[in-house]
Amino acid sequence: TIAQQGATISGGLQTNANVFLRDTNINAYLQPQYDHQFFGGESWLNINYSYQGLTAGIRYDMFINSNLRDPNASYTDQGIGRWYVKKQFEKLTVEAGYLYDQIGSGIIYKAYEQRPLFIDNALQGVSLKYNFNKYLSAKAFGGRQKNAFDIYSGTLKGGAIEGFFSIGNDSIPENKINIIPGVGFINKTLSEATMEEIVGVLKSYLEPDRFKPVHNSSAFTF
């Protein structure tokens, strides 16, 4: 971490390296890594910058003969895995880029990453969050979900109002009761290309198995 005249630059590098040795006793063969590649790995480099309420960051991802995406195949690719810019204006926070967030406990919406599992479903879009006070906030967001180094064609948008209240004596934390109320909404719209693909597949179904696809699906949580 580097700090100078109020600005802060921080970063981190995570690297995994694997050596693949053929072993017929555990079916470790007939796969590219075991047959002729023998080595694989993944790296993620993060760089973040913050200054007077402005935060920005970028992450470079690299996969070489990786088996994270498919244990039975080899995946090699590299590029910008994430970038974001966030600015706070008193009670309002605006963020754009690849966003991680969730509504409530994450039942209807959770954009997060788990690198060891090759999970990264960040939302590429824009979010707005407004803090009415330290107890109540509202947020809204919209964009498209990440798919490795690509973006899914459908759009996703949602919002939530969330609160946090404590009842009890602050001097006795174990006797306090925390209440976290909230209401959330999420909507997903399929692209025209995806809908055409679904319709094409449904045409091959027998009549009793066919159904009418819809462009939009929505969910609520309380």
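The values are calculated or read from the model by the stated rules, or taken from the named source; none is laboratory data. Note that the structure is a prediction, hence the values are computed from the model and not measured. Quick reminder, even Gly has a Cβ in these numbers, built from the backbone with ideal geometry, and neighbours come from all protein chains shown. For accessibility, only protein heavy atoms count, side chains too; no ligands or nucleic acids. Shrake-Rupley method; radii C 1.70, N 1.55, O 1.52, S 1.80 Å.
With a 1.4 Å probe and all protein chains kept in place, how much accessible area does S153 have, in Å² rounded to the nearest 10?
Its heavy atoms expose roughly 60 Å² to the probe.
Which value results for Rg/Rh of segment 92-150 when Rg is the Cα radius of gyration and Rh the Kirkwood radius based on the inverse mean 1/r?
Taking Rh as the inverse mean 1/r over Cα pairs, Rg/Rh reads 1.02.
Add +1 for every Lys or Arg and -1 for every Asp or Glu among the other residues with Cβ under 13 Å from the Cβ of V183, and state the total.
Here the charged neighbours net out to 0.
Please tell me the relative contact order of the chain in percent, rounded to the nearest whole number, where contacts are Cα pairs under 8 Å and at least six residues apart.
In percent, rounded to a whole number, it is 11.
Hey, if we sort K91, K134 by accessible area with the 1.4 Å probe, largest down, what's the order?
Largest accessible area first, the list is K134, K91.
From the convex hull of the Cα coordinates of segment 1-144, what is the mean projected area in square nanometres?
Its average projected convex-hull area is 11.5 nm².
What number comes out for the charge environment of F132, summing +1 per Lys or Arg and -1 per Asp or Glu over other residues with Cβ under 13 Å away?
+2
Can you give the accessible area of V214, probe radius 1.4 Å, in Å² rounded to 10?
Solvent-accessible area, nearest 10 Å²: 90 Å².
Do you know the relative contact order of segment 104-222, to the nearest whole percent, from alpha carbon pairs under 8 angstrom that are 6+ apart?
Across segment 104-222, relative contact order equals 20 percent.
Run the simple label-point estimate for I119 and K176 please: 7 Å along Cα→C-beta, distance reported in nm.
3.0
So for R22, R82, R210, what's the accessible-area order with a 1.4 Å probe, most first?
In descending accessible area the options line up as R22, R210, R82.
Give the accessible area for T24 in Å² (nearest 10); use a 1.4 Å probe, count only protein heavy atoms, and leave out ligands, DNA and RNA.
Roll a 1.4 Å probe over it and T24 shows about 100 Å².
Which of G11, T76, F39 sits farthest toward the positive end of the charge dipole of segment 1-77, with +1 on the Cβ of Lys and Arg and -1 on the Cβ of Asp and Glu?
G11
How large a share of the accessible area of segment 81-222, in percent, is made up of carbon and sulfur atoms when the probe is 1.4 Å and the other protein chains stay in place?
Here carbon and sulfur together make up 59 percent of the probe-accessible area.
Full extension from I107 to M62: what is 0.36 nm times the residue separation minus their Cα-Cα distance, to one decimal in nm?
13.2 nm
Let me check against my output: what whole-number percent is the relative contact order of segment 140-200, with C-alpha pairs under 8 Å and at least 6 apart?
This gives 32 percent for segment 140-200.
Any idea how far apart L13 and Y135 come out in nm if each label point goes 7 Å out from Cα toward Cβ?
With each label point 7 Å from Cα toward Cβ, the separation is 4.9 nm.
With a Förster radius of 45 Å, plug the Cβ-Cβ distance of T189 and H36 into 1/(1 + (r/R0)^6) and report the FRET value to the nearest 0.05.
0.55
Suppose all protein chains stay in the model; what accessible area per residue would a 1.4 Å probe give for segment 80-222, in Å²?
65
Starting from the coordinates of the alpha-carbon atoms of segment 30-82, obtain the Kirkwood hydrodynamic radius over all distinct pairs and give the value in Å to one decimal.
12.7
Going from most exposed to least, what order do I26, I161, I151 have by accessible area with a 1.4 Å probe?
Sorted by accessible area, descending: I26, I161, I151.
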